[in-house]
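The values are calculated or read from the model by the stated rules, or taken from the named source; none is laboratory data. What you see is a predicted model, and the numbers here were worked out from it, not measured in a lab. Here the Cβ is made from the backbone with ideal geometry for all residues, glycine too, and neighbour counts use every protein chain on show. Protein only, heavy atoms only, side chains kept; ligands, DNA and RNA dropped before computing areas. Shrake-Rupley method; radii C 1.70, N 1.55, O 1.52, S 1.80 Å.
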Amino acid sequence: MSSPTGPDNGLPVRMPRPRQSGRHRRPEPVVAPENAPALVLAVPGEPSTATRGLASEIVSIARSELPGLDARVGYVDGGGEEFPALDAVLTQAAEERATAEEQEESSAESGPEAPAAVVVPLLAGPDASQMRQIRQAVLSSGSGSELTDVLGPHPLLAEAVHVKLSEAGLARADRARLFTVATAADGIILATIGGEEAVQAAGITGMLLAARLAVPVLAAGLDDDGAVARIAGQLRESGSQQLAVAPCLIGPEVPEGLLAAAAEEAECPTAEPLGAYPSLGKLVASAYAAKLGLPQQPQGMGMPMR
């Protein structure tokens, strides 16, 4: 004889677990709203196969952060099918949105008009020249798309720079672990591009990085001739002997050979640009969500220093 709450074969019934209450309750996962604008990642620099792979990976991370997200890639200096130009991607997004709105017009009451797309620049810090190009592409597309700010400064960028330094053997992964790195730098030059504003923004990330590594960190512009070498001299005068250059840059925005030339002039090794580090995908999704006023998942530091 079966009970009202169980099967007649005597097997236990798996009941849904009650939702945890209080401060330890897990936050509800955030998903992209239905018919939300597309996220278009604006990729600067000369398009290449490597750049396309990097952008695709960052977009994939952003989609995992915000399920249901319509994410696309547009190249600031692109063109054609292989590397679609930013303005062309935005125009297509606007056309698709207009078609969808026409189909829904008769069956649903229209709400507040949303932009066709939200454009997120793939830039770690302010770069007036690149942002000017991106704004021009947004305007020339006639799509009514909205543009977010750049991704930094942010604690997650300091985390990413730290990881790149540790991967290059230039920093300890975690002070709490009982091992040493013989080549660990005792002074860091945080390299950026974009003029004085970019150097100031990188300086904020540099303070966060200095707190993680417990070594002095100073920012310098790769596009300021001799700046990296000058900052290296300042660090050496203050007592640092083993220096390293750490790019606070993603990669596509860096002209080929510029980073290596600056590090050679300063006579110190360099870490790699940030590339498709997972934190960048999180920051892209966060910038999109903030522009639309969506709730966001809390973002902590992935490699705490103890």
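Quick notes on this one:
- Some residue of segment 279-286 being more than 22 Å from Glu46 (Cβ to Cβ), at pLDDT 95 or above and open to solvent by 20 Å² or more (accessible area, probe 1.4 Å): yes
- Condition check for Leu235: modelled with pLDDT of 95 or more, surrounded by 19 or more Cβ atoms within 10 Å (Cβ to Cβ) and farther than 26 Å from Pro252 by Cβ: yes
- Within segment 204-213, the residues that satisfy the criterion of being touching a residue at least 40 places away in the same chain (Cβ under 8 Å) and open to solvent by 30 Å² or more (accessible area, probe 1.4 Å) are Ile204, Leu208, Ala211.
- First in segment 18-43 and under 27 Å from Leu123 (Cβ atoms) and of a type in the set (D, E, K, R), second anywhere and open to solvent by 60 Å² or more (accessible area, probe 1.4 Å) and at pLDDT 75 or above, Cβ under 8 Å, 6 or more apart: none
- Segment 216-237, residues that are over 27 Å from the mean Cα position of the chain (by Cα) and in contact (Cβ under 8 Å) with a residue 24 or more places away in the chain: Gly226, Ala229, Ala232, Leu235, Arg236
- Some residue of segment 78-89 being touching a helix residue (DSSP H, G or I) at 6+ places or on another chain (Cβ under 7 Å) and part of a helix (DSSP H, G or I): yes
- Segment 253-269, residues that are open to solvent by less than 50 Å² (accessible area, probe 1.4 Å) and not in a loop (DSSP other than H, G, I, E, B): Leu259, Ala262, Ala263, Ala266
- Test: residue in segment 139-149 that is part of a helix (DSSP H, G or I), closer than 16 Å to Ala276 by Cα and open to solvent by less than 20 Å² (accessible area, probe 1.4 Å): no
- Only one entry of Leu54, Leu41 meets the criterion of being part of a helix (DSSP H, G or I), modelled with pLDDT of 95 or more and open to solvent by less than 60 Å² (accessible area, probe 1.4 Å), and that entry is Leu54.
- Segment 62-75: number of residues that are open to solvent by less than 30 Å² (accessible area, probe 1.4 Å) and either in contact (Cβ under 8 Å) with a residue 40 or more places away in the chain or in a helix (DSSP H, G or I) (or both): 4
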